[in-house]
Amino acid sequence: MKPLSIAFALFFIGAAAQVYATEQHNSEPETQTATEQVKAQPAAKATSSAQAKDKLNTLEYQQPVLQPPVIDKNQVDDSKVLGTEAPQPAAKLIDKQQKAQAIAEAEQAVTQAKDALTLKQQNKAKQSRESLAVIEQLVNAYNARNIEQFLRMYDEQVEFYIFPNELLFKGKEKLIARYGLMFKKLKCIHSSPIKRIVLGDIVIDHELSETCSQDANVIDKRSELISSYQIKDGKIIKVLFFR
């Protein structure tokens with residue numbers, strides 16, 4: 001029995017060894033193939049990079065060109081942005097009669113505008129004449145030292161300013177105290193305009209003022225003054241002195 005058992009064991013060992021050898025032989029090509037693939041990958045990447053560089057260095061590669069937007073000039077701009085609305089064409093006249101009527105209406109509008117402007121100018125000119133008359137009476141009363149006539153030219157609440165807006169005094173009472181004393185004290189007073197500007201209710205006088213303090217025949221003081229007068233309803237309501 002022992003020789004038979006030994007022989008059977010040897011046969012089993014030999015068969016197992018043959019199976020193992022066969023498996024090893026079949027797995028070697030797969031391992032080798034995987035290894036070769038790993039080694040081939042860097043080579044393939046290098047080849048691809050080289051081909052890309054060669055492609056960049058040849059005329060085969062062209063950099064993409066950005067195309068400008070295409071604008072259709074014939075398309076009507078329908079946007080609502082202020083100032084971009086397309087102008088509406090004027091309505092065409094149907095016949096000569098309508099054309100003549102349109103011309104007549106236009107001429108009438110021009111005439112009315114001229115008349116309105118002329119009327120405004122006429123009113124302004126009338127106002128200027130009235131304002132000038134008030135100042136001329138004021139200067140005559142001033143030169144005559146006639147305090148009563150001088151005061152008639154002023155409104156009860158007249159305001160006196162020093163340029164630009166410094167209030168000097170207000171009202172006739174202070175006006176009487178200021179100019180009444182001056183008229184009594186001085187022997188002569190004379191004011192004459194060097195230049196006068198009149199526009200509506202405003203009169204601006206560049207004047208030469210001369211006074212006599214001791215003798216009515218001897219002028220001992222001369223000075224140039226600029227005064228602005230505002231007139232309303234024939235009365236001076238505001239005086240502005242420029243010094």
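Of the residues making up the range 189-220, just one is under 15 Å from Asn143 (Cβ atoms), of a type in the set (A, V, I, L, M, F, W, C), without any contact (Cβ under 8 Å) to a residue 40 or more places away in the chain and surrounded by 15 or more Cβ atoms within 10 Å (Cβ to Cβ), namely Cys212. Scanning the range 158-182 for residues that are among the small types (Gly, Ala, Ser) and either touching a Ser or Thr at 6+ places or on another chain (Cβ under 6 Å) or part of a loop (DSSP other than H, G, I, E, B) (or both) turns up just one, Gly171.
Which ones in the range 168-188 are touching a helix residue (DSSP H, G or I) at 6+ places or on another chain (Cβ under 8 Å) and either of a type in the set (D, E, K, R) or touching a residue at least 60 places away in the same chain (Cβ under 8 Å) (or both)? Lay out the reasoning, then the answer.
Here is the first cut: in the range 168-188, the ones touching a helix residue (DSSP H, G or I) at 6+ places or on another chain (Cβ under 8 Å) are 169, 172, 175-176, 179-180, 183.
The one that is touching a helix residue (DSSP H, G or I) at 6+ places or on another chain (Cβ under 8 Å) and either of a type in the set (D, E, K, R) or touching a residue at least 60 places away in the same chain (Cβ under 8 Å) (or both): Lys172.
Within the range 138-157, track down each residue that is farther than 21 Å from Ile226 by Cα and assigned to a strand (DSSP E or B).
Narrowing the range 138-157 to residues farther than 21 Å from Ile226 by Cα: 146-149, 152, 156-157.
Glu156, Gln157 - these are the residues of the range 138-157 that are farther than 21 Å from Ile226 by Cα and assigned to a strand (DSSP E or B).
Does the range 168-180 include one or more residues that are surrounded by 11 or more Cβ atoms within 10 Å (Cβ to Cβ), aromatic (Phe, Trp, Tyr) and under 45 Å from the mean Cα position of the chain (by Cα)? Looking for residues that are surrounded by 11 or more Cβ atoms within 10 Å (Cβ to Cβ), aromatic (Phe, Trp, Tyr) and under 45 Å from the mean Cα position of the chain (by Cα), one finds at least one in the range 168-180, hence yes.
Comparison of Ile135, Ile189 shows that the only residue that is of a type in the set (A, V, I, L, M, F, W, C), assigned to a helix (DSSP H, G or I) and touching a Phe, Trp or Tyr at 6+ places or on another chain (Cβ under 7 Å) is Ile135.
Read the figures in this text as sums done on the coordinates, not as results from a lab. Everything quoted here is computed from the prediction, not taken from an experiment. Cβ: placed from backbone, ideal geometry, glycine included. Neighbour counts: every protein chain shown.
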